[in-house]
1. Suppose the filter is in a helix (DSSP H, G or I), under 25 Å from the mean Cα position of the chain (by Cα) and modelled with pLDDT under 85; does residue 92 pass it?
2. Give the residue that is nearest to residue 49 (Cα to Cα), with candidates limited to residues of region 117-132 that are among the polar types (S, T, N, Q) and in a helix (DSSP H, G or I).
3. Considering region 117-126 alone, what residues qualify as being loosely packed, with under 11 Cβ neighbours inside 10 Å and either within 30 Å of residue 80 (Cα to Cα) or among the hydrophobic types (A, V, I, L, M, F, W, C) (or both)?
4. Being loosely packed, with under 13 Cβ neighbours inside 10 Å and over 16 Å from the mean Cα position of the chain (by Cα) is the filter here; which residues of region 46-69 pass it?
5. For region 122-136, name all the residues that are touching a Leu at 6+ places or on another chain (Cβ under 9 Å) and modelled with pLDDT of 85 or more.
6. Across region 127-141, what is the total count of residues that are of a type in the set (A, V, I, L, M) and loosely packed, with under 13 Cβ neighbours inside 10 Å?
7. Within region 101-116, can you find the residues that are charged (D, E, K, R), surrounded by 10 or more Cβ atoms within 10 Å (Cβ to Cβ) and either at pLDDT below 80 or not in a helix (DSSP H, G or I) (or both)?
Amino acid sequence: MPTPPKPFAVLKNEKKSHRTKAELKQREEAEKALATGVALRERPEVKENPVAHKEFLRINKLLKNIEKNDAIYEPIINRYCLLQAECKDFEEKRESFYRDIQELTEDKNNLIEIEEMSLSAYYKLKHNLQNTIINLDKQVQAKRKMLLDIEKENIMTIAAALRSIPKKVDNKQNPLLEALKGKKGNGTG
């Protein structure tokens, strides 16, 4: 797979390019046309969630650094931040149930000796906690897959936008000049 073209900002900072000034200008204008010029905004539901809000601020800062802090990415970035928060919530719940199983295992002898719980009730409770952990883990994995898909798509979208910019300047040919060139090649002129 060929290397994608460098954005105008990179070419400008490198101060070395085989592209002409016209090509660089066309690239800059084409990149600007891919953005709305409106800054990315945080949705209320993201702002209210501390984990999502923190993630939004982090991503927003990164996007500002690469000059991609644009409202066109707003829905996906807000959704991504909420998914991050949901994922973290499921992970915390899973850890809580894991600690409960650890405590239950450590207290097994005490619970059975004092006859607060029969052996079958103990194993039934432990089995239910393990199933809950497995279900939470499935939900975490589903959230992580959604996050990965968003990350891939977001990167691919930016890359695709950059690839859509032509590398060469379209030289508009004079039709009269083209006609004259055509006559020369035919040997009629």
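The values are calculated or read from the model by the stated rules, or taken from the named source; none is laboratory data. Only a predicted model underlies this, so the values are computations on that prediction, with no experimental measurement involved. Positions of Cβ are generated from backbone atoms using ideal geometry, with glycine treated the same way; all protein chains shown enter the neighbour counts.
1. Values: in a helix (DSSP H, G or I): yes; under 25 Å from the mean Cα position of the chain (by Cα): yes; modelled with pLDDT under 85: no.
It is false that residue 92 is in a helix (DSSP H, G or I), under 25 Å from the mean Cα position of the chain (by Cα) and modelled with pLDDT under 85.
2. Narrowing region 117-132 to residues among the polar types (S, T, N, Q): 118, 120, 128, 130-132.
When the remaining residues are screened for being in a helix (DSSP H, G or I), the result is 120, 128, 130-132.
Values: 120: 41, 128: 30, 130: 29, 131: 28, 132: 25 Å.
Ranking the qualifying residues of region 117-132, first place goes to 132.
3. Applying the first criterion (loosely packed, with under 11 Cβ neighbours inside 10 Å) to region 117-126 yields 119-120.
Listed by number, the list holds a single entry, 119.
4. Answer for region 46-69, where residues must be loosely packed, with under 13 Cβ neighbours inside 10 Å and over 16 Å from the mean Cα position of the chain (by Cα): 48, 50.
5. Going residue by residue through region 122-136, those that are touching a Leu at 6+ places or on another chain (Cβ under 9 Å) are 122, 125-126, 129.
The answer is 125, 126, 129.
6. 1
7. Selection gives 107, 116.
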